[in-house]
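Can you read through this structure? Questions will come right after.
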Amino acid sequence: MNKEAQFITFEGGDGAGKTTQIKMFADWLTDKYGLDIVLTREPGGTKEAEKIRKLLVQKDGGDWDPLSEVLLLSAARREHLVKKIWPALEAGKWVISDRFVDSTFAFQGYGMGLGPDYIHKLYKRIAGNFMPSITFILDIDPKEGLRRSGKQLSETIDNTEKKEDRYELMGLKFQEKLRKGFLDIAKRNPKRCRVIDASQDIETVHKQICDIFENSFCKYCGLEKAS
């Protein structure tokens, strides 16, 4: 693997603004450091993994047992790693993913009560010791997150629509468990995870992400500003 190629992930509850911040951060890395960036997401990222995504995130995708969900996610993640993430890193490209294994720990481990042990063991089987170099966790109050994402706690959506809202429709208590999960993950992994208050305005959040990257990670990668 190219020494300077790094894998960065963004995590957080619904409505935290991950998609916007990922795009801004990728543009900033490209403009300032001239990096070749690959953007991806989980579940998904490859043709095969995107098929599994539809089963999990759309409200009509199915009513899965938590362990079944982890098995589906693990299959999608293995495809994602083998066919996209690892090849990109080997080619010297930086990879930024909207969610990765921390979301599995938060959603299925904390949110659905499966616990971390089985998830950890299964992840080791498919990925070994591979983990993100740095993870930005965008933290937001669940009520505000749901409001931002245009959801109402009691909202009913027409069954003919195919929106990726299955987890949002699980309600506020589920979102509160997710938040606790992400904060616990950050506490257990202080060297890798950085928590950012996502209730702030977009530009403030973006600046904090860039500052954290430059102050605690940039020198490690040996990066220099693009000419």
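Where a number appears in this text, it was derived from the coordinates with a stated rule and is not lab data. What you see is a predicted model, and the numbers here were worked out from it, not measured in a lab. Reconstructed Cβ throughout: ideal geometry from the backbone, glycine too, with neighbour counts over all protein chains shown.
Jot down the radius of gyration and Dmax of the range 9-158, Cα atoms only, both in angstrom.
For the range 9-158, the Cα-based Rg and Dmax read 15.9, 47 Å.
Nearest 10 degrees is fine. How inclined is helix 202-216 to the longest principal axis of the chain, computing both from alpha carbons?
50
Once you wrap a convex hull around the alpha carbon atoms of the range 173-227, what is its projected area averaged over all directions, in nm²?
So the mean shadow area of the Cα hull is 5.1 nm².
log10 I(q)/I(0), Debye, Cα-only the range 69-115, no solvent, q = 0.21, 0.24 Å⁻¹?
-0.74, -0.86
Sort 133-141, 7-15, 203-211 by packing, meaning the average of other beta carbons within 10 Å per residue, with the highest value first.
7-15, 133-141, 203-211
For K143, go through the lysines and keep the ones whose alpha-carbon is under 19 Å away, minus same-chain ones fewer than eight residues off.
K18, K151, K173, K177, K180
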